[in-house]
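**Student:** Quick one: the structure is below, questions incoming.
The values are calculated or read from the model by the stated rules, or taken from the named source; none is laboratory data. These numbers come from a predicted model, not from an experiment. Please note: Cβ atoms are built from the backbone with ideal geometry, for glycine as well, and neighbour counts cover all protein chains shown. In case anyone asks, the SASA skips ligands and DNA or RNA and just uses the protein heavy atoms, side chains included. Shrake-Rupley method; radii C 1.70, N 1.55, O 1.52, S 1.80 Å.
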Amino acid sequence: MDQKTLIKKFNKQAEKYDKRRKNDSMSRFRRRIFQEAEGNVLEVAIGSGLNFPFYRRDIELTGVDFSPEMLKKAAHAAKDYPFQTTLIQNDVERVDFDANSFDTIVSSTSFCAYQRPVDVLNKFQKWCKPEGKILMLEHGISDNKLLAGMQKMADPLAVKIVGCHQNRNISAIVKNADMKLVREERYLAGSLYLIWAKPC
């Protein structure tokens, strides 16, 4: 799917994402991992700012997203939080930052959409300070065979409608990237991946 089409799909979903802030079914998982973000934080594909409630008050946040409508929602939400927030409209697969720029890099439910997810993780490895951390909350292929079969069947339609792959093996993507896996937890029949990693 070309980038312009993908951006349009996420622009259309911005209102829905914004409403999820009041009743987000993923909030307990977000809290579990993203409260560990510290220092100078980069959040990729920041969307409408669903992770804002779980960040420490003293971080400095840089958020990147290719959807202008998502960034409008994030900018509005950021006013309710004490940390400094800088928002950048750009494609995570194309943007670049200096090496060793961030103490923490955060990604949540974004690896379903990248064309080259391993390359994105290798960017994280470059951008993250050697002693920093990479925190990921991603959905992907279940370890339940029945559910995994349904995900594989639904994948072409999901990509067409919302631009989101349902059957990616997030563990394998991490293992193929230039980073060190610290811890992985799986929830929701193994379809939700919480990953703590760091640069090699």
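**Student:** Ignoring ligands, DNA and RNA, what accessible area per residue does the chain give at 1.4 Å, in Å²?
**Tutor:** Per residue, the chain has an accessible area of 50 Å².
**Student:** Distance cut-off 18 Å, Cα to Cα: go down the list LYS72/LYS126; LYS22/LYS73; LYS9/LYS152; LYS73/LYS198; LYS126/LYS175; LYS73/LYS126 and report the pairs above it.
**Tutor:** Distance filter (> 18 Å) returns LYS72/LYS126; LYS9/LYS152; LYS73/LYS198; LYS73/LYS126.
**Student:** For the chain, what is the Kirkwood hydrodynamic radius in Å, using each pair of distinct C-alpha atoms?
**Tutor:** Result for the chain, one decimal place: 16.9 Å.
**Student:** Subtracting the Cα-Cα distance from 0.36 nm times the residue separation, let me have the gained length for LYS4 to TRP196 in nm, one decimal.
**Tutor:** Contour length minus Cα-Cα distance gives 66.0 nm.
**Student:** Where does the longest stretch of the chain lie that holds no trypsin sites (Lys or Arg not before Pro) found in a DSSP loop with 11 or fewer other Cβ atoms within 10 Å?
**Tutor:** 95-200
**Student:** Round to the nearest 10 and report in Å² the accessible area of ASP178, as given by a 1.4 Å probe over the protein chains' heavy atoms.
**Tutor:** Counting only protein heavy atoms, ASP178 exposes about 90 Å² to solvent.
**Student:** I've got another one for you. What distance in nm lies between label points placed 7 Å from Cα along the C-beta direction at MET153 and LEU181?
**Tutor:** 2.9 nm
**Student:** Something else about it: Which value in deg cm²/dmol, rounded to the nearest 500, describes the helix-derived mean residue ellipticity at 222 nm for the chain, given -39,500 (n - 2.57) per DSSP H run of n ≥ 4 and division by the residue count?
**Tutor:** Rounded to the nearest 500, the figure is -11000 deg cm²/dmol.
**Student:** Can you pull the percent of segment 98-172's accessible area that's carbon plus sulfur, 1.4 Å probe, other chains left in place?
**Tutor:** It is 57 percent, rounded to a whole number.
**Student:** Treat each spin label as a single point 7 Å out from the Cα along the C-beta direction, and report the LYS126 to ARG94 distance in nm.
**Tutor:** Calculated label separation equals 1.6 nm.
**Student:** Based on the Kirkwood radius over alpha-carbon pairs, what is the Stokes-Einstein translational diffusion coefficient of segment 118-195 at 10 °C with 1.306 mPa s viscosity, in µm²/s?
**Tutor:** In µm²/s, the coefficient is 118.
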